[in-house]
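Taken together, the values in this text are just the output of simple stated rules run on the coordinates, not laboratory data. Predicted, not measured: the structure shown is a model, and the values here were computed from it. Here the Cβ positions follow ideal geometry from the backbone for every residue, glycine too, while neighbour counts run over all protein chains shown.
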Amino acid sequence: MKAGWFLMTATALVLAAFTAPSEWHDTIAAASAAFLWSVDQIICAIRESKK
C-alpha cells in the first residue's frame with residue numbers, strides 16, 4: 001500500500017501534463033518537482049534509518 005500513493009500521484013501528474021491547458025503547465029511542473037523532492041526525502045530518511 002505504501003507504493004500505492006506514489007503510483008497514484010505519479011499517474012495523476014502524467015495525465016495532468018498531457019491533458020491540462022497550457023496555462024497550467026507551470027503549476028504542474030511545480031507540483032511534479034515538489035513530488036519528486038518529497039520522494040527523495042523519503043528515500044534519504046529510509047537510508048539514514050538503516051545506518
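So for the pair E48, S32, with labels modelled 7 Å out along Cα→Cβ, what separation do we get in nm?
2.8
With axes computed from alpha carbons, what is the tilt in degrees of helix 25-49 against the longest principal axis of the chain, rounded to the nearest 10 within 0 to 90?
Approximately 10 degrees, to the nearest ten.
Taking 0.36 nm per residue of sequence separation and subtracting the Cα-Cα distance, how much length would be gained by fully extending the chain between L7 and A20, in nm to one decimal?
Taking L7 through A20 to full extension adds about 2.8 nm, to one decimal.
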